[in-house]
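The values are calculated or read from the model by the stated rules, or taken from the named source; none is laboratory data. As the structure is a prediction and not an experimental result, all values here were calculated from the model. Positions of Cβ are generated from backbone atoms using ideal geometry, with glycine treated the same way; all protein chains shown enter the neighbour counts.
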Amino acid sequence: MTAPLLYALVGAMLCGIGLFGLLRLSHLLRKLLAFNIMGSGVFLVMVGLPQHQGGQDPVPQALVLTGIVVAIAATALAIVLIRRYYHLSGMTSLEGETTSREGGPE
Amino acid sequence: MIWTLRTLFIAVVCLAFTGVLAASIWTIADKPSPVNLPQLLSENLDRSGVEHPVTAVLLNFRSYDTLLEIGVLVIAGIAGISMAKTATLEDPELRTSDSLLYALQRWFVPLMLVLAGYLLWAGSDRPGGAFQAGAVLAATGVLMRLGGIPMEFLRPGRLLRLGLALGFTVFLLVAVASAIGGEAFLAYPPGITKTLIVIIESVLTLSIAMVLLALFVSAPVNDAEDSEEGSSS
């Protein structure tokens, strides 16, 4: 058990936590945050696992760097879409998810 | 009751997912990887034109990824701008008369610009590069917008479109030019590799900063009509 392996396992845990949030929460911003937590978990696995196997590996690190930038842009675009949706419908959760407690006027 | 059962079910599914993932990580952790990528990289590093391995991977060995990435960014930026209803990317309501904030910005904005330039150049032999510099540049823009410094150049007109598309266009031009010149697609001709990488990194920095700033600015929907439409229901 080395520190990089621990990172990879924590990444797997983050994936699980993110998946739970994505399925369970109904507020769209929370869903987005949960999705980002899942993505961070994937990044941790991608950096931690090769480092455990053979020292620092610049190839997955570069891929993760690319992934982080794309994730930021996708998150920003998702926020723009969510705000637009809120302004058009007045709701903070998708239709059909009636269990929402923090939803807007319905 | 159904609500609790559903939560329980989701929790069980997520636990199973985490368990399978952790188990597979545990299994492959002790197997040696079939290709020794770090060694392969360090052997070819002097051909890449830069000294830092991560930059070499990003801009040379796997530049396809970076090209597609900036393409994704440009598409996200265009989508964000088309969603915004503001005529100009500078919000007059945010313009502040706070003299302390203004004085602070007069110190911070030039410093951050210098830092972005340093990060861009540092990418060739230490951690740094286009993405970090672009992020700092975008943060400078966010600070300027929140502090209300006039940013007339950010109207979604020609200049912004040019800034958005510049990185992708130059990158694609270099790739196609090297392909026409007889090399493989995206293989830089030997000799001017470092020059090409520096040019591409510079325009990438500008484009990434533009995309991030455009997405930040287009997030609030300020139109009064729109908000009434939402609250009337």
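Quick notes on this one:
- Residue satisfying all of: in the stretch B:38-61; facing chain A (nearest Cβ under 8 Å) and among the aliphatic types (A, V, I, L, M); nearest to B:GLY191 (Cα to Cα) among these: B:ALA56
To keep it simple, each residue is scored yes or no on (1) more than 7 Å from chain B (Cβ to nearest Cβ); (2) over 16 Å from the mean Cα position of the chain (by Cα); (3) more than 17 Å from A:ILE68 (Cβ to Cβ).
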{"position": "A:ALA3", "(1), (2), (3)": "yes, yes, yes"}
{"position": "A:LEU14", "(1), (2), (3)": "yes, no, no"}
{"position": "A:SER26", "(1), (2), (3)": "yes, no, yes"}
{"position": "A:ALA34", "(1), (2), (3)": "yes, no, yes"}
{"position": "A:MET46", "(1), (2), (3)": "yes, no, no"}
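- Residue among B:VAL35, B:VAL12, B:VAL74 that is in a loop (DSSP other than H, G, I, E, B) and either touching a residue at least 40 places away in the same chain (Cβ under 8 Å) or more than 9 Å from chain A (Cβ to nearest Cβ) (or both): B:VAL35
- Count - residues of the stretch A:1-57 that are of a type in the set (Ser, Thr, Tyr) and assigned to a helix (DSSP H, G or I): 2
- Subset of the stretch B:62-71 that is within 8 Å of chain A (Cβ to nearest Cβ) and either part of a helix (DSSP H, G or I) or farther than 21 Å from B:VAL176 by Cα (or both) - its residue that is nearest to the chain's Cα centre (by Cα): B:GLU69
- Scanning the stretch A:52-99 for residues that are more than 9 Å from every other protein chain (Cβ to nearest Cβ), modelled with pLDDT under 85 and either closer than 30 Å to A:LEU6 by Cα or surrounded by fewer than 17 Cβ atoms within 10 Å (Cβ to Cβ) (or both) returns A:LEU94, A:GLU95, A:GLY96, A:GLU97, A:THR98.
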